[in-house]
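Notes for the one structure printed next.
The values are calculated or read from the model by the stated rules, or taken from the named source; none is laboratory data. Every value quoted in this text rests on a predicted model; they were computed, and no experiment measured them. Positions of Cβ are generated from backbone atoms using ideal geometry, with glycine treated the same way; all protein chains shown enter the neighbour counts. Side chains are part of the model used for accessible areas, which takes the heavy atoms of the whole protein and leaves out ligands, DNA and RNA. Shrake-Rupley method; radii C 1.70, N 1.55, O 1.52, S 1.80 Å.
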Amino acid sequence: MKNTYTITAFSENHIGLLNRITIVFTRRHINIESLTVSSTEVKGIHRFTIVVEDTEEQVVKVVNQVEKLPEVLRAEWYLNDEIIYREIALYKIPIDVAIDKNIEQIMREFNAHMVDIQDGFVIIENTGHVEDTEKLYEVLKPYGILQFVRSGRISISKQKKELSTYLNELPVNEYVKE
Amino acid sequence: MKNVNKITGAEAILLSLMKEDIDTIFGYPGGAMMPIYDKIYSKGRSIKHILVRHEQGAAHAAQAYAQVSGKPGVCFATSGPGATNLITGIANAHLDSIPVIFITAQVPSMLLGTDAFQETDMISLSMPVTKWNYQVTSAEEIPDVIAKAFFFATTGRPGPVLIDVTKDAQLGTLDFNYKSIKSIRSYNPSPAIQDEDINQAISLIASSERPLLLAGHGILLAGATSQLKTFTDKTKIPCAVTLMGKSAISEDHPYYVGMLGMHGNYAPNILTNKADLIIAAGMRFDDRVTGDLKRYATDAKIIHVDIDKAELNKNVRSHLAIHANIKDFFDRIIPRITYQTPENWIEQFRQLNAIEEEKVVRKDCFPGNGKIHAGEVIYLLSRKTNGEAVVVTDVGQNQMLAARYYQYKNPNTLITSGGLGTMGFGLPAAMGAQVGRPDNTVILFTGDGGFQMTVQELGTVFQYNLPVKIVIFNNNFLGMVRQWQQLFNEKRYAETNMPTPDFPLLAKAFGIEGELVKDRTEIPGALDRMLEHSGPYLLEIKTEKEANVFPMIYPGKAVDEIVLEP
């Protein structure tokens with residue numbers, strides 16, 4: 001049965017790793033729904049957060065093949081209820097709409113806030129699950145949205161162990177001098 | 001004063017290779033590669049460079065060299081077309097897990113991404129077919145990158161790596177200081193085996209009555225052939241091999257029961273579905289081994305031991321998946337195991353084997369009359385060389401027959417393109433094998449199709465006087481495809497029939513001796529002349545045009561549906 005899975009992978013910050021990782025997915029014809037790459041709290045280590053819709057069996061195989069890459073430190077997969085996750089969305093709306101009193105009420109309901117005001121438009125930011133940012137989009141749409149953008153998912157697992165604890169347990173690279 | 005000890009990146013590449021005990025390189029020069037080749041000119045005494053006739057040949061030769069010598073292969077090519085010509089060879093080494101260090105030249109770093117002359121993005125191109133790759137853009141990086149390349153290529157599940165070196169990095173200077181690598185934090189090549197895994201394996205084996213051991217290429221890669229023998233001696237568990245696992249156990253071992261898969265032996269394929277326990281040792285359940293997965297190993301519990309975690313539960317779900325080096329597994333289980341296989345189970349292999357012997361082997365190896373069969377030549381050569389030659393094959397019928405009818409005795413004596421099935425692999429691989437084992441007889445079994453794909457390497461064979469014994473089975477067909485057309489396309493022989501040149505005459509043009517054999521009575525004499533000849537020798541043997549390789553598991557069929565004849 002297909003489900004939404006969030007895959008996180010930690011890798012060395014080297015050129016080309018994004019390519020190597022996505023090849024694992026494209027080879028198996030798995031569409032990546034969302035992808036976020038960013039640096040972690042540990043210098044030189046990057047985190048990939050990849051969302052896919054597939055069967056657990058496929059996801060496990062893909063995670064193993066990602067973890068197999070020599071420069072990937074660890075890869076894991078989660079169901080939605082095993083993580084806290086968010087996407088961020090930005091909405092650009094005309095300034096004359098923004099001064100409508102409905103907008104203030106909408107922003108309050110969605111816990112959204114205004115992040116910038118420019119000549120002619122304002123930018124509203126909202127954070128949540130896709131359904132939340134999607135819903136705000138639908139609500140704002142009648143007022144006229146000039147531009148809309150949504151980030152990929154970031155997530156944090158509900159398990160206790162921190163990445164840095166795990167990384168500190170890893171051996172450092174060892175060289176043998178002649 | 002400070003610059004006195006500085007050397008160029010090009011020289012650092014060669015020195016780094018020498019620090020890793022490399023003395024042989026297969027390659028081909030070109031514009032972007034010139035600084036490195038200039039250093040080869042002055043290092044000629046410590047590094048032997050084999051100049052091939054096409055980069056693909058260098059890649060296959062380096063791989064075969066690695067397989068027979070136990071050292072990683074090293075292969076050089078220039079930027080652009082030189083590098084892209086390697087791709088088939090890199091993919092071949094990747095699918096068969098062979099450690100080869102590919103070093104390609106690249107345009108100067110300031111020109112990267114500009115579609116400069118002879119620029120190709122080798123990092124992207126080689127990414128799906130390498131274990132690891134890296135683009136070097138400054139000379140200082142070279143020693144560390146080469147150390148990493150060797151570490152990744154040779155440890156864990158081995159595989160090819162590629163280092164792309166820009167011309168300015170070759171020309172730049174550095175203080176040379178080489179340190180090999182012992183461990184890398186993101187990479188664990190030697191997973192620790194758990195006591196609990198051994199306990200469970202022992203208890204699964206203890207409760208089985210019909211166990212079957214499947215030995216794969218991992219045995220050879222891990223250097224665990226003596227462990228495999230000891231385990232099999234002690235437990236009498238019938239041992240079958242995959243194509244790549246051939247020569248992991250001597251074929252005259254009393255509990256060796258044959259090869260698995262599409263053109264493997266009758267007994268191990270049929271009895272895979274009778275076994276109640278399968279121990280998969282360093283093999284990966286390739287589709288050519290398993291046939292229809294839904295009807296594979298239907299009665300068996302499976303213990304799968306592999307160094308690559310991603311192979312565990314990938315194709316076949318196992319009851320006990322052990323992520324370990326197969327050598328460690330055997331070392332841990334051998335002292336503790338007391339199991340003895342029931343004699344009546346072993347007997348079932350012997351009975352089925354006798355049926356195959358009667359219905360297939362006898363016809364292939366002792367046909368008596370009619371056109372020559374490739375099987376009889378291979379079988380006779382096996383006897384004449386006492387099963388001790390290094391056999392290299394091309395791909396197709398010649399490959400399957402060489403796997404079936406040569407009686408392998410010693411480890412790493414079958415060099416074949418298993419995973420990728422690369423036609424044209426044979427001749428360059430035979431060269432590499434001969435360079436790696438200069439004192440061994442190296443026999444190439446090839447077909448008229450595959451041989452013509454890389455025939456230009458006869459020039460290399462001639463130049464280095466590599467005494468490879470080339471046996472071409474000429475049926476004027478792409479035999480394996482023709483067999484499928486006969487079996488599944490009602491003999492519609494689309495584009496599989498080809499006229500061939502006079503191969504001995506072609507060899508003569510390259511300064512290589514050879515002869516043509518058309519009649520069965522000429523075979524023993526021709527084989528003797530070939531084996532006794534001190535240099536390279538080419539034997540063209542005209543064979544039955546429409547001979548088929550059987551037994552066969554038809555595509556989509558289960559292993560126990562293997563048939564002995566069409």
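Given axes a ≥ b ≥ c from the Cα gyration tensor, I'd like to know whether region B:394-507 is rounded (a/c under 1.5), prolate (a/b larger than b/c) or oblate. If you can, show how the numbers build up before the last one.
Values: a/c = 2.48, a/b = 1.47, b/c = 1.69.
It comes out oblate by the Cα gyration axes.
Considering just Cα atoms, how many Å³ per residue does the convex hull of region B:11-55 enclose? Please report the intermediate quantities before stating the final value.
Numbers: hull volume 3.1 nm³, N = 45.
Spread over its residues, the Cα hull of region B:11-55 gives 69 Å³ apiece.
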Protein heavy-atom accessible area occluded, A/B pair - total, 1.4 Å probe, Å²: 2600
Long-range HN-HN contacts of A:LEU73 with modeled amide H, under 5 Å: A:PHE10, A:SER11, A:GLU12
For A:LEU17, net neighbour charge (Lys/Arg +1, Asp/Glu -1) across residues whose Cβ lies under 12 Å away: 0
Those aspartates and glutamates that a straight Cα-Cα span of less than 13 Å connects to A:LYS92, excepting residues fewer than 8 apart in one chain: A:ASP116, A:ASP119, A:GLU125
Extreme residue, positive dipole direction of region B:195-349, given options B:THR298, B:LEU320, B:GLN348 (C-beta unit charges): B:THR298
Angle in degrees between helix A:56-68 and the longest Cα principal axis of chain A, rounded to the nearest 10: 60
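What average count of beta carbons from other chains do you get within 10 Å of the Cβ of residues in B:139-148? Kindly include the intermediate steps, with their values, before the conclusion.
Working: counts 0, 0, 0, 0, 1, 2, 0, 0, 2, 4.
Per-residue shielding by partner chains comes out at 1.
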Note, ³J(HN,Hα) from phi for region A:73-88, Karplus 6.51, -1.76, 1.60, rounded to Hz, x at Gly and Pro: 7, 7, 9, 9, 9, 9, 7, 4, 7, 9, 9, 9, 9, 8, 10, 10
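If you count, for every residue in B:180-191, the Cβ atoms of partner chains within 10 Å of its Cβ, what is the mean? If you can, show how the numbers build up before the last one.
Values: counts 5, 4, 5, 7, 9, 10, 14, 8, 5, 1, 0, 0.
For peptide B:180-191, the averaged partner shielding equals 6.
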C-alpha center-to-center spacing [region B:365-406, region A:1-58] in angstrom: 48
For B:ILE415, distant residues with modelled amide H under 5 Å away: B:VAL391, B:VAL392, B:THR393
Long-range HN-HN contacts of B:MET259 with modeled amide H, under 5 Å: B:VAL241, B:ASN265
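Mind running the shape call on region B:76-235? Use the C-alpha gyration tensor, a ≥ b ≥ c as the square roots of the eigenvalues: rounded below 1.5 for a/c, prolate if a/b tops b/c, oblate otherwise.
Values: a/c = 3.54, a/b = 2.33, b/c = 1.52.
Here region B:76-235 falls in the prolate category.
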Point-charge dipole on Cβ atoms (K/R +1, D/E -1) for the protein assembly as shown, about Cα centre, debye to 20: 1280
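If we count every other residue with Cβ under 13 angstrom of B:ARG482's Cβ, Lys/Arg +1 and Asp/Glu -1, where does the sum land?
Values: positive: B:LYS491, B:ARG492, B:LYS545; negative: B:ASP448, B:GLU490, B:GLU495, B:GLU544, B:GLU546.
Computed value for this residue: -2.
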Cross-link reach list, lysines versus B:LYS167, counting only Cα pairs under 19 Å and skipping chain neighbours closer than eight places: B:LYS6, B:LYS39
Region B:358-412: Cα Rg divided by the 2.2 N^0.38 Å rule of thumb: 1.12
Cα lying deepest toward the dipole's positive end in region A:84-154, options A:GLY128, A:ILE84, A:ILE103, charges on Cβ: A:ILE84
Kirkwood Rh and Cα Rg combined as Rg/Rh, chain B: 0.99
Residues in region A:47-73 that, when all protein chains are in place, have 30 Å² or more less accessible area than the chain alone would give (probe 1.4 Å): A:LYS61, A:ASN64, A:LYS68, A:PRO70, A:GLU71
Rg(Cα) / (2.2 N^0.38 Å) computed for region B:195-349, rounded to two decimals: 0.91
DSSP-defined antiparallel bridges as percent of all bridges, chain B, nearest 5: 10
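From other protein chains only, count the Cβ atoms within 10 Å of every residue's Cβ in B:124-131, then give the mean. Each step should come with its number before you reach the end.
Numbers: counts 3, 0, 0, 4, 6, 0, 1, 3.
Partner-chain Cβ atoms within 10 Å, mean over residues of B:124-131: 2.
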A:TRP77 accessible area, 1.4 Å probe, all protein chains in place, Å² to nearest 10: 80
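Using the Kirkwood radius over C-alpha pairs as Rh, can you work out the diffusion coefficient of region B:2-175 via Stokes-Einstein at 37 °C, viscosity 0.692 mPa s, in µm² per second? Let's see the in-between values first.
Details: Rh = 15.5 Å.
Translational diffusion coefficient: 212 µm²/s.
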In sequence order, calculated HN-Hα J values of region B:483-491 (Karplus, 6.51, -1.76, 1.60; Hz; x Gly/Pro): 4, 5, 5, 5, 7, 10, 10, 6, 6
Those lysines that a straight Cα-Cα span of less than 25 Å connects to B:LYS314, excepting residues fewer than 8 apart in one chain: A:LYS2, A:LYS61, A:LYS68, B:LYS131, B:LYS246, B:LYS274, B:LYS294, B:LYS301, B:LYS327, B:LYS557
For region B:372-382, Karplus couplings with θ = phi - 60° (6.51, -1.76, 1.60), whole Hz, Gly/Pro x: 5, 9, 4, x, 5, 5, 5, 4, 5, 5, 4
Heavy-atom accessible surface of chain B: percent carbon and sulfur, 1.4 Å: 50
Protection proxy ranking of B:8-14, B:107-113, B:460-466, B:396-402 - average other beta-carbon atoms within 10 Å, highest first: B:396-402, B:8-14, B:460-466, B:107-113
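In the neighborhood of B:LYS557, defined by Cβ-to-Cβ distances under 13 Å, what is the net charge if each Lys or Arg adds +1 and each Asp or Glu adds -1? It would help to have the intermediate numbers written out before the result.
Details: positive: B:ARG288, B:LYS294, B:ARG295; negative: B:ASP287, B:ASP292, B:ASP560, B:GLU561.
For residues surrounding B:LYS557, the net value is -1.
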Anisotropy class of region A:50-110 from Cα gyration tensor, a/c 1.5 cut: prolate
